[in-house]
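Chemist: Can you keep this structure in mind? I'll have questions shortly.
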């Protein structure tokens, strides 16, 4: 009698095991219906150190020369190339822009505010990164230096106040990591999708996928004007006041799909 009971328990166990396996197989088949195998993401090798360009980056500045930049009139970029692999704004030399044109992209840029403090507010360590030559992310020395909030470092100038101010002291290297998505226009100039931007300053999120309202303007309200899908990235020489010899290093871009 005992052996028959054990056999019955064994049969029940086997039946339950088979049923469980069948249920698992059924679930796996259902799960497979939502699996997507294409496209396969491209392999990108990260940089070996923090901030180093990944394998698919386009290098705009690596400290060797200014060959990837030019002035607005296409003449040679006149900023100073330093022996330590950096470049510095020369007051009055003019803005510089990338020779290559970009739309939506990921940008990494490192900068250092001058250690010799001169000026205050907007007159201290002032520059800007202009995507597509018209949408400005502000560069400013805001370490113990106050100004209007939508014009401080990390602001989408006159449009969005940054979520935080993680500025380092003048003379220390800082860095931006930025995701910019270009605007899309209809053939007759209607904005089908406005530009957006996400910004990290020194590893801190300061703009979280905010909408850009149009061209950056100092006076008045921003508005869009239809433009090409790809345009240069511009670095500003804010040379009409003092205290702005900002240095730059390690600038690279990853173009993104629209």
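The values are calculated or read from the model by the stated rules, or taken from the named source; none is laboratory data. Because the structure is predicted, anything quoted here is derived from the model rather than measured. Virtual Cβ from ideal backbone geometry, glycine too; neighbours counted across all protein chains shown.
Chemist: Within the stretch 226-246, track down each residue that is modelled with pLDDT of 95 or more and touching a strand residue (DSSP E or B) at 6+ places or on another chain (Cβ under 9 Å).
Modeler: Taking the stretch 226-246 as the starting set, the residues that turn out to be modelled with pLDDT of 95 or more are 226-235.
Listed by number, the residues that qualify are 226, 227, 229, 230, 231, 232, 233, 234, 235.
Chemist: Checking residue 257 against (1) crowded, with 20+ Cβ neighbours inside 10 Å; (2) closer than 29 Å to residue 42 by Cα; (3) at pLDDT below 95: exactly one of these is not met. Which one?
Modeler: (1)
Chemist: Show the residue pairs that are 6+ apart or on different chains and have beta-carbon atoms under 7 Å apart, the first residue being within the stretch 100-111 and assigned by TED's automatic domain parsing to the domain that holds residue 127 and more than 11 Å from residue 258 (Cα to Cα), the second being modelled with pLDDT under 95 and outside any strand (DSSP E or B).
Modeler: Every condition considered, the pairs that remain are 108/51; 110/51; 111/246.
Chemist: So which residues in the stretch 83-95 are part of a loop (DSSP other than H, G, I, E, B) and either exposed (fewer than 13 other Cβ atoms within 10 Å of the Cβ) or within 21 Å of the chain's Cα centre (by Cα) (or both), if there are any at all? Break it down stepwise before answering.
Modeler: The first filter runs over the stretch 83-95 and keeps only residues part of a loop (DSSP other than H, G, I, E, B), leaving 83-86, 89-95.
Hits for the stretch 83-95 are 83, 84, 85, 86, 92, 95.
Chemist: Could you check residue 137 against (1) touching a residue at least 60 places away in the same chain (Cβ under 8 Å); (2) buried (at least 21 other Cβ atoms within 10 Å of the Cβ); (3) assigned to a loop (DSSP other than H, G, I, E, B); (4) under 18 Å from the mean Cα position of the chain (by Cα) and say which number it fails?
Modeler: With respect to (1) touching a residue at least 60 places away in the same chain (Cβ under 8 Å); (2) buried (at least 21 other Cβ atoms within 10 Å of the Cβ); (3) assigned to a loop (DSSP other than H, G, I, E, B); (4) under 18 Å from the mean Cα position of the chain (by Cα), residue 137 is out only on (3).
Chemist: Further question on the same structure: Of these, 211, 147, 198, which one is free of Cβ contacts under 8 Å to residues at least 60 places away in the same chain, in the same structural domain as residue 80 (by TED's automatic domain parsing) and surrounded by fewer than 16 Cβ atoms within 10 Å (Cβ to Cβ)? Steps first, please.
Modeler: On the way: 147 fails: surrounded by fewer than 16 Cβ atoms within 10 Å (Cβ to Cβ); 198 fails: surrounded by fewer than 16 Cβ atoms within 10 Å (Cβ to Cβ).
Within the list 211, 147, 198, the selection yields 211.
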